[in-house]
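For reference, the structure is listed below as structure tokens.
The values are calculated or read from the model by the stated rules, or taken from the named source; none is laboratory data. It should be emphasised that the depicted structure is a prediction, and the values quoted were computed from it without experimental measurement. Backbone-built Cβ (ideal geometry, glycine too); neighbour counts: all protein chains shown.
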Amino acid sequence: MSILNNENMRDERLKILGDNIRAERMRKRLSQEKLAELIGVHKDTVKNIENAYQTPSAFIVFDIANSLEIPIEDLFKNVPFKKD
């Protein structure tokens, strides 16, 4: 198992979060534009979050989970804990 520095860990966690959001959005058959509309952000925000270019606020993650009608912890499935 390799040890990741904080920046790589952050990138990995953002990628997994983004992948989980994308998977749930697609499972619900929503476009990025429709999800953005539901949570009150620009569609580029959803695109950037899903592609790990933007770190979402806790409130945006909360709104995404509510809009997808899933528990918020589902969006963090397989996201590793930060290691010191």
Say we look at the stretch 45-76 and pick out the residues that are loosely packed, with under 13 Cβ neighbours inside 10 Å and of a type in the set (D, E, K, R); which of these is farthest from Lys15 (Cα to Cα)? Glu69
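List the helices (runs of 4 or more DSSP H) inside the chain, counting only whole elements, that have at least 2 residues being of a type in the set (Gly, Ala, Ser) and modelled with pLDDT of 95 or more.
Working: elements: 6-27, 32-39, 43-50, 58-68.
In the chain, the matching helices (runs of 4 or more DSSP H) lie at 6-27, 58-68.
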Output the qualifying pairs, or none if there are none: Cβ atoms under 7 angstrom, residues six or more apart or on different chains, first residue in the stretch 17-28 and within 10 Å of Val46 (Cα to Cα), second residue crowded, with 19+ Cβ neighbours inside 10 Å. Gly18/Ile49; Gly18/Glu50; Ile21/Ile49; Ile21/Glu50; Ile21/Ile64; Ile21/Leu75; Arg22/Glu50
Matching residues, the stretch 33-44, being crowded, with 16+ Cβ neighbours inside 10 Å and touching an Asp or Glu at 6+ places or on another chain (Cβ under 7 Å): Ile39
Residues being touching a helix residue (DSSP H, G or I) at 6+ places or on another chain (Cβ under 8 Å) and of a type in the set (Lys, Arg): count how many of those fall in the stretch 5-26. 2
